[in-house]
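Peer 1: Quick one: structure below, then a few questions.
What follows draws every value from the coordinates through simple rules; no lab data is involved. These numbers were taken from a predicted model, which means no experiment stands behind them. Note that each Cβ is placed from the backbone with ideal geometry, even for glycine, and that neighbours are counted across all protein chains shown.
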Amino acid sequence: MLALVLVLAAAVIGGIALSERRTIPAGTTIARVDVGGMTRDEAAAAVLPVAQARVTRSIRLIGPRGEARVSGRALGARPLLDPALDMALAAGPGERLLRHAGIGTARAIAVVYRLGPVRAAELANRLDRRFGEQPRNAGLVVDSGVVSVSAPAPGTLVDRAALRKGLRTLPSELGVPLRRQIPTVGVAEARIAQRTATRLLDGPRDVRFRDASAVLSAGALGDLVTAKAVAGRLQVGLDPARLRMALLPRLGRFEREPEDARFVIEGNRVRVAPAVPGRRLDGERIGTSLVRNLAARAHRARFVVTSPKLTTEAAERLRITELVSEFTTNYPCCPPRVTNIKRAAELLDGTVILPGEEFSLNDALGKRTEAKGFVSAPQIFNGRFEDSVGGGISQVATTLFNAAFFSGIKLVAHQAHQFHISRYPMGREATVSWGGPELIFRNDWPAAILMKLAAGDSGITVRFYSSKLGRRVTTTTGKPYAPTTPKTITVTNAALPAGAREVVQEAGEGGFTVDYTRQVFRGSKRIRNERYTVEYDAVDEVVEVGPPQS
């Protein structure tokens, strides 16, 4: 009879286990979501939104001196549902029967998250700065030539492994796990370094080169001593930068600044004058010699070769070999605007535009100020000639524009003057002002461009040097059309006497419209076909009048 009961019980248990083998036992929660009786897919669909929402929740990190906050999103957290679902489904027949009967203990399963390793490390670094304390190695103290040992002290830093483990479930709060950090250099290691430093300071040392000698007293050496922890030891050294400064008064004449490669103009051709390397006192090697050879009183000065910014090889790779375009504009000598033209030419001369690089005249010159050598001179503003610091720079812009125009490079931005100025080609000219208009062009050829500017008392010439690469430029300028005549503009000036009339700008040349073109060829292939239209205003007469007579 008992055997029969056992058989029947086993059958019942087996039946229940068989019927529920693909569902999660009752009383099971994942991330506080009741998933009892659900299939794996049903549970995943129910838990995923909750797990994703948890990523945005703030986590309170409690440290010994306050608290910090972080979120799962900031940690790059991604929920891992599979481990939680596997655990939920891994119940045996007995447990399933008890859960089925409502007797078994409820089971709560947490979702774990994958954290971004870099973000978790960055968080640990931030917490170190907030709550940690770096261990202090034993060190050296030099005072009046006497070397003593400073005591080490342990520190406290974030336990990174424990922090990552604690954050994997994105709890609402977590105590910041800290661990004791032992110094890497103790007193015994510092004593060894102390003996080395003491020998180094037992008398003056002489650093020599050729006929010159720089004597470093024990006091001077003491000010330069360094002690750095390396692989559990304290390494004695001398500060290389400060050592060099100490040697400069006696040995500095043997240093030499590097010289960049230069472009030398010879007629229409360009050659590269080779760069010259420099020489600089090598504080690192001299310091190493002083520390390693403690028995020697005299040491040889060492130098390090310093490279120029532009090497010969780099200059040659720019392929600047010949004149590709030039343009000249003239002006009468020698009003203040000529001072500005000369100053701008001085600042721009020698500019190199690399392949693919844009040149902006405003960027190159910056704001024109008296501190930069510019003076007040007339310029066009809102239809009138007014004095402004830097007036006249537009003649530089026009000359540059035409040199760029005939070099065949890309014209990015340019704007003609409001009025036609007879010394410039009709239409084919440009003006600039700080804040706009702009003159911008781009070197879209595979060779760099060297800009050379020469401004004298009566004219400015701009030359572009590069490699021609088969480039050729043609242009046409049409006849002026749509003429306009000057008008008289009357402006009231309350500072004038009643009924007074004063001409502040005389009527000038009439306005008109003109078209011009540019075609750029590389060999027989035309690569640009451009047409431009410029509308010039008439130069109006401007009259200021006083208030009406009463």
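Peer 1: Would you be so kind as to identify which of 476, 394, 184 lies farthest towards the positive end of the dipole of the chain, taking Lys and Arg as +1 and Asp and Glu as -1 on Cβ and the Cα centre as origin?
Peer 2: 184
Peer 1: If you don't mind, another one. If I fit a long axis through the Cα atoms of helix 2-19 and take the longest principal axis of the Cα atoms of the chain, what angle between them do I get, 0 to 90°, rounded to 10?
Peer 2: 10 degrees
Peer 1: I need the phi-derived Karplus couplings for the stretch 178-195: 6.51 cos²θ - 1.76 cosθ + 1.60, θ = phi - 60°, integer Hz, Gly and Pro marked x.
Peer 2: For the stretch 178-195, the Karplus curve yields 10, 9, 6, 10, 8, x, 7, 10, x, 5, 4, 5, 5, 4, 4, 5, 4, 5 Hz.
Peer 1: Using only DSSP helix segments of four residues or longer, with each worth -39500 (n - 2.57), what per-residue ellipticity at 222 nm results for the chain after dividing by its residue count and rounding to 500? Before the final figure, lay out the partial values.
Peer 2: Working: 14 runs with 155 residues, N = 550.
Calculated at 222 nm, the ellipticity per residue is -8500 deg cm²/dmol.
Peer 1: For the pair residue 220 and residue 503, how long in nm is the line joining their label points, each one 7 Å along Cα→Cβ?
Peer 2: If labels sit at residue 220 and residue 503, their model points lie 7.7 nm apart.
Peer 1: May I pose another question? Please report, in whole Å³, the volume per residue of the convex hull around the C-alpha atoms of the stretch 295-361. Spell out each step's value before the answer.
Peer 2: Details: hull volume 16.1 nm³, N = 67.
Hull volume normalised by residue count: 240 Å³.
Peer 1: Under the rule a/c < 1.5 gives rounded, and otherwise a/b versus b/c splits prolate from oblate, where does the chain land using the Cα gyration tensor? Numbers along the way, then the final one.
Peer 2: Details: a/c = 2.74, a/b = 1.50, b/c = 1.82.
Oblate, because a/c is 1.5 or more while a/b does not exceed b/c.
Peer 1: Oh, and also: May I ask what percent, to the nearest 5, of DSSP beta bridges between residues of the chain are antiparallel? Provide the component values of the computation, followed by the final result.
Peer 2: Values: 97 of 111 bridges.
Once the DSSP bridges in the chain are tallied, antiparallel ones form about 85 percent.
Peer 1: Can you list the HN-Hα couplings for the stretch 304-313, worked out from phi with the Karplus curve (6.51, -1.76, 1.60; θ = phi - 60°), rounded to whole Hz and with x for Gly and Pro?
Peer 2: 10, 7, 10, 8, x, 5, 10, 7, 4, 4
Peer 1: I've got another one for you. Report the trypsin sites (Lys or Arg not before Pro) located in the stretch 442-550 that are in a DSSP loop and have at most 13 other Cβ atoms inside 10 Å of their Cβ, or state none. Walk me through the numbers on the way to the answer.
Peer 2: On the way: sites: 442, 452, 463, 468, 471, 472, 487, 501, 518, 522, 525, 526, 528, 531; in loops: 468, 487.
Here the sparse-neighbourhood loop sites are 487.
Peer 1: Let me ask another. Just for the stretch 318-545, what percent of DSSP beta bridges are antiparallel, to the closest 5?
Peer 2: Details: 52 of 57 bridges.
Bridges in the stretch 318-545 that DSSP calls antiparallel: roughly 90 percent.
Peer 1: How large is log10 of I(q)/I(0) for the stretch 237-378 at q = 0.11, 0.17, 0.21 Å⁻¹ when the intensity is taken from the Debye formula with one equal scatterer per alpha-carbon?
Peer 2: For the stretch 237-378 at q = 0.11, 0.17, 0.21 Å⁻¹, log10 I(q)/I(0) is -0.72, -1.03, -1.22.
Peer 1: Could you give the length gained by full extension between residue 360 and residue 300, i.e. 0.36 nm per residue of separation minus their alpha carbon distance, to one decimal place?
Peer 2: Details: separation 60, 0.36 × 60 = 21.60 nm, distance 5.03 nm.
Length difference between fully extended and current span is 16.6 nm.
Peer 1: Using the Cα atoms of the stretch 188-315, I'd like the radius of gyration and the largest Cα-Cα distance, Dmax, both in angstrom.
Peer 2: 19.8, 73
Peer 1: Still on this structure, I have one more. Sort 324, 176, 504 by Cβ crowding within 10 Å, fewest neighbours at the top. Could you put the intermediate results ahead of the total?
Peer 2: Details: 324 25, 176 21, 504 13.
If I rank by nearby Cβ atoms, fewest first, I get 504, 176, 324.
Peer 1: Relative to the first principal axis of the alpha-carbon coordinates of the chain, what is the inclination of helix 393-407, with its axis defined by its Cα atoms, in degrees from 0 to 90 and to the nearest 10?
Peer 2: Once rounded, the angle reads 80 degrees.
Peer 1: Enumerate the amide H contacts of residue 410 below 5 Å, restricted to partners 5 or more residues apart or on another chain; note that Pro and chain-start residues carry no placed amide H.
Peer 2: Those qualifying (amide H under 5 Å, at least 5 residues apart or on another chain) are 442, 444.
Peer 1: Could you list which residues have their amide H under 5 Å from that of residue 432, counting only those 5 or more apart in sequence or on another chain, with H placed in the peptide plane?
Peer 2: Excluding prolines and chain starts, which carry no amide H, the hits are 394.
Peer 1: Of 196, 225, 348, which is farthest along the charge dipole of the chain in the positive direction, counting Lys and Arg as +1 and Asp and Glu as -1 at C-beta?
Peer 2: Sorting the options by dipole projection puts first 196.
Peer 1: Which trypsin sites (Lys or Arg not before Pro) in the stretch 178-256 pass both tests, a DSSP loop state and at most 16 other beta-carbon atoms within 10 Å? Working shown, then result.
Peer 2: Numbers: sites: 179, 180, 191, 195, 199, 205, 208, 210, 228, 233, 242, 244, 250, 253, 256; in loops: 210.
Loop-located and lightly packed - 210.
Peer 1: HN-Hα J couplings of the stretch 489-495 from phi, Karplus 6.51/-1.76/1.60, θ = phi - 60°, integer Hz, Gly and Pro as x?
Peer 2: Residue by residue, the stretch 489-495 yields 10, 9, 10, 6, 10, 5, 7 Hz.
Peer 1: Something else: Along the positive direction of the dipole of the chain (beta-carbon charges: Lys, Arg +1; Asp, Glu -1; about the Cα centre), which of 492, 161, 405 reaches farthest?
Peer 2: Comparing the listed Cα positions along the dipole, 161 ranks first.
Peer 1: So which of 410/452; 410/479; 309/468; 367/452; 342/487 end up more than 29 Å apart, counting from Cα to Cα? Walk me through the intermediate numbers first.
Peer 2: On the way: 410/452 19 Å; 410/479 25 Å; 309/468 26 Å; 367/452 21 Å; 342/487 35 Å.
Those over the limit are 342/487.
Peer 1: Can you list which of the chymotrypsin sites (Phe, Trp or Tyr not before Pro) found in the stretch 362-445 are DSSP loop residues with at most 15 other C-beta atoms within 10 Å? Mind dumping the intermediate values first?
Peer 2: Numbers: sites: 374, 381, 385, 401, 405, 406, 419, 434, 441; in loops: 374, 419, 434.
Sparse-neighbourhood loop chymotrypsin sites (Phe, Trp or Tyr not before Pro): 434.
Peer 1: Still on this structure, I have one more. Amide H of residue 511: which non-local residues (sequence gap of 5 or more, or other chain) have their own amide H closer than 5 Å, using H built in the peptide plane?
Peer 2: Distant-sequence amide H within range of residue 511: 484, 485, 538, 539.
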